[in-house]
1. What net charge is computed for the residues neighbouring ILE82, neighbours being all others with C-beta under 14 Å from the C-beta of ILE82, Lys and Arg scored +1, Asp and Glu -1?
2. Please give the net charge around VAL39, taking every other residue with its beta carbon less than 14 angstrom from that of VAL39, where Lys and Arg add +1 and Asp and Glu add -1.
Amino acid sequence: MSLSQVTVVVPATTANLGPGFDVFGLALKQPRDKIALRVNPRGIHVDCVGFLTKQVASLPRKNTARTVAELVIKKFKLKTGIQIEIDRA
């Protein structure tokens, strides 16, 4: 079986709804981040789309996703690169 893409949706949260000491919180439908990882012929590429994209570093060397991608490539001895798309909606 060959896997060429993985997509994960991460909901936003309200980390603290008052004096609940982070016990009272909510997961929200919007805003949210949708992260898609695709097999790329070579290298690590990061694209950002959607709301607040200027707050996400798109240059791989300035984005923490690059660090994770490098570790995955090294750990699993991949012969391909990774395309990372961050959709801020």
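1. +4
2. On the way: positive: ARG38, ARG42, LYS79; negative: GLU85.
Here the count lands on +2.
Each value in this text was obtained by applying a stated rule to the coordinates, not by laboratory testing. In this text, all values refer to a predicted model and were calculated from it rather than measured experimentally. With ideal geometry, Cβ positions are generated from the backbone for all residues, glycine too; neighbour counts draw on all protein chains shown.
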